[in-house]
Structure formats: structure tokens, C-alpha cells
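The values are calculated or read from the model by the stated rules, or taken from the named source; none is laboratory data. All values reported here derive from a predicted model rather than from experimental measurement. Cβ placement follows ideal geometry from the backbone for every residue including glycine, while neighbour counts extend to all protein chains displayed. Surface areas here come from the heavy atoms of the whole protein model, side chains and all, with no ligands, DNA or RNA. Shrake-Rupley method; radii C 1.70, N 1.55, O 1.52, S 1.80 Å.
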Amino acid sequence: MNFKSLVSPPSSAPTHPPTPSFDAKRHPRLKEAQFVYKHGQRLHSYDSEKAPYPLSYDRDVLELEALDNKLTQHLRGSVSLVNFPDGPPSRTLDLGCGTGTWILDAAKAWPECEFVGFDLMNIQIPLKYLEKSTAERIEWRHGNFLTTKLPFEDDEFDHVHMQSIAKAVPESKWGVLFEEVNRVLSPGGSVEMIEDDVVFPYLPRWFTAALRARPRRATSVHYPEGSQRYPTPPSTPEKNIPPHDHALLESLNNSVFEHRFINTRPSAVLPSYFTTYFRQVTIGPVVHFPMPPLPPLQPLPPQIITSYVIEPSSNTLDSRVSTYFPTPLTRPTSLSFSSTVSASTNSTVDSSNNPSIFSSGPITNSIYSTAESSDSSTLFDHINGSSHPPSKDVPAPTFKRFMLDSSLTESEIAALPRSLFPVEQLTALSERSLAMHLYRSYQSVLACQEAMWEELKDRIRNRKEELVPFGWDDDEELEELQSRKKFERLVERFRTDMQARVALWCSLTGLGWLFPSREPLSKAELIEEERIREGMLEARKHASVEDLQVPCRSIRVLVGYKL
């Protein structure tokens, strides 16, 4: 089934009364079915003051919902982070439901529950594609919860689910929104919320500089008498150097949310609202996911003869012949995103035991057992997701798969509610699963491309001095291009740099996929690739633990009840 066709806006509504069907429950309105297209991105047509959500509705963005749902299912073993001692809810509201994938998963897990998905835009999967028994229990509704009251009765739902809506809610609207959620929630009903902070993933210069390495021409001058001299370069004034190559995009991305009055750290403000409007509130810690480990370099294609190779300590090409014999590619030993290591080297994956994106094993109730440790430091490292057990003999730094809020003390971490946050499942995540979080973060930045472009245009017209620290007019590669072309080049550079850091090929081969075959390179292509590889190997020597552990995603979970 083609996902793109499912989320495409429907055709214009018929003028005659519609024939009763499952889709009749969608309540379409003209405005909700409208999108505007700017430079290839599909955006909602509302004014930014009424609907400040800046992300696009393109396929790559919409599909991120499924990743979030799978993460919750892995961590909790359920579609929800709420314990339901008396059984699943009977009527559930998914506020800001997006494409509706969470409702589809929940409808399978809770076969007796009715669902209402409420969202600004009509992008949900058409009910006619679902089984009749499932479609009869689902209803899609549309509207703007920032400007109007929710179109539901008081005490109508016994569970409300909210996920990833913070990028659409100005800080001044949280109180009104939670008041409405409290109104439609029945006494004893539950509410859960999973939110991301706005995190711009950035790469250190030692990483990006190697990707753009170019051969340098010799600076010496040969005179007729045979002497060779090196001219003294003219002195240039010191310039402000941005902290990283994508600093301008980071500044624009932050401005997008600041000018919409959207707090970029909802994890810091939501707890106070939750405790105001709900009772028996459980607040999880802020969980930071660091950058994924540096992957191995991609293997070169099968070249038989190379005419030029790069001397490791030279900036010029050494003309000599070397022979390269291709060797069979061996897969990494890990066959899944779990931390379990498999020694299998088969090129095929058993379909009956296909590894999950998160874990190859089922989740059992044992994850809720009390952790036992005779050493408090061992427990602290375990809670913070160290990939290796601590050793008193070898003080080597450990790579952590996740980090909890640094403001928490060791005793506070040990006292975290295990029913809400199964820390063992976080620890079970493999290091390569971090690539998923980085992918999600940089895709969220790319989804704001047109909003960032509007911010850039405003700076060019009215506040050009703010662009000077980012070298907007000083980039030699871009100075001849017009503003839009320059901006698109910066965005594309960000995209390709992030793709190199995510290294999707490494994750796929680890899951059993074969590395795609490559055609032999030309001499010029091979020289360029060998130079980049050499630059990357040299750059990795300068990588620090801090560079590799920079958070690329931060999330928080909150659960409450209406008494």
C-alpha cells in the first residue's frame, strides 16, 4: 500500500449529500484540505499567528511518527505509558494525531476502545483502507485547538494521548490547552504526553572539514635559474569563526520558534502545567540521546588498478601505481539495534526471527523488577546507559547510549518510577539505534526549511549585521550565488553532512542487508574518495569524548489523572 497516496489531501467535497461510509466520519472542511507548496515543500495554508507549526507535511516528516511509536512500544512493551489496572480505556482522544498511526496501533491493542483523532490538517489514513471492525471505532476530526475550544462534550474521554505537539504551541497557549484537555477528560481519566525539545544537531569542524577536503595547489614559485621560493602570505585580520559549519542554520532554526513564541525546551515548562491541571502526576526525567558512534568508512568499490594514491602526510598527489584486490565485504557482527552481539556471518536473515529496529528479543515483565547492585556507582552508570560496565582497573571512558537530566542526584535517579520508565529497556538499546534519533532530529530541521528561509530574508532586508558573524558574504564557494541559491546550498550541505554522520548503510548491513554494489570509480573519482577517506581517518584522531556524546535528541514523558 502506497503511504504517500494515503496521506494526500482528498479531492474537493461533493455538492450532493455523501453516501454513508466509514469516511463520512472524517468531517472534512475546505480549509483543512488546502496545502500550499513552496520550493517543493508541502505546508499548511494557515497564517503563522493562528497556526505557528513551522514543519512541512512531506512524506519524510510524516513517517517520523512511526519511529516514535516503535520507540514507545520498545520502552514500555505497550502503545501507552499508562498503567490500566482495570483494563484499557473505552474512549480515547489523540490530540494532534498527525497521520493517525498511533491510533491504528492502539486500535489493534485495545479492540474494545473507540478513538477520535484530532488534528489541524486532513492528513490521516483514509478509513476505507482499514478493516471494517477497526474503521468503525475510529473518527478523524479537524480544527485548530489554539483558536477554538475542542469540539467535544465535557467528560467525554477516559484517556487523552498527546505526542510531539510542542512545536505547534506557543508558551502562552499551554494553560488554555490543558484546561480544555481537563474539561473533556472524565473523572478518573488519564492523560499522557511525550515531548521533544527543539535540538539542532551539529557536527564538529574536524568532521565536516574532512568531507570537504580538496587538493591544494603548490604554493612555491619556480624561477628560471631553478630556485624555488615560497611567498609569504599576506596578513589578514582575524575574523569571527562560527562554532561549527551549520551555525547559521542553527540560528535561523532557533529564530523560527522564538518569533512564534514557542519554547524550545518544553521539557522545562510542561511539568508545572501538568501539576496545575492534573493530579497524581508522574514526571519522567529528561532523556538525552547522544550522537551515534562513528561508523567504519564505507568500503571502496572493486578497483583493479589505481594510478594515484594519497600519501598520508602529503598535501599533493604522488604519481605511482598500486594494485587493489577487492575483498569480500564482511557484515558487522550485530544483527539488530539491540545491544546483543551476534557472531553470525550469514548473508541472509531468518524471516521467522527477524531482528527489530530496537531489540531482537520480546519484552517481558522482568524489566520491572528491582535492580540490584552492591555498588552505587555501578547502578549510576547503569542508569545512565553506559555501553560498558565500569572498571576500577581500566579508567577508559565509556560510550553512553543515553543520559538522564544532569540535575538529578544519584538517589533521585535510583528512585525513578519504574512503571513509567523502564530503564533496562533504555540500556538494551544498541549504539546504532542512536542513528535513528539523529535522523529524526535533522529531518525535523529540514522540515522547517521554508520557515528558516523567511527568517533569513528578514535578516537580509532589515538586520543584515546579524549575518556577519556567520560569514554570509564571506563564503568563497557561495559568494557568486543569489540568496536563495546560497541558502539551498547551505541546506543541502547540512543534509549531506548529516547523512554521512548517520551512516544508514552501517545500520542496514548490521541488520543483515547486503552492502549495495558500486560501479568502479574513474581515476578522478577515486582520487577524491581516497582523499576524503584519508582526511576522515586523520580527523577521527582529534575526536574527543565530548564531541561524540553531544545530545542530538531530548525527550520527556508525563502522565497524570483527573480526579
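Over the stretch 47-132, what is the relative contact order in whole percent, taking alpha-carbon pairs under 8 Å and six or more residues apart?
After rounding, I find 25 percent.
Taking a 30 Å limit on the Cα-Cα distance, which of the listed pairs K38/K108; K400/K457; K149/K562; K457/K523; K400/K523; K50/K128 fall beyond it?
Too far apart for the 30 Å limit: K38/K108; K400/K457; K457/K523; K400/K523; K50/K128.
Can you list the residues, at least 5 places off or on another chain, whose amide H is less than 5 Å from the amide H of V550, using H built in the peptide plane?
M291
Quickly rank 67-79, 532-544, 114-126 as a protection proxy: mean count of other C-beta atoms within 10 Å, highest first.
Ranking, from highest mean packing down: 114-126, 67-79, 532-544.
Solvent-accessible area per residue for the stretch 417-563 at a 1.4 Å probe radius, Å²?
46
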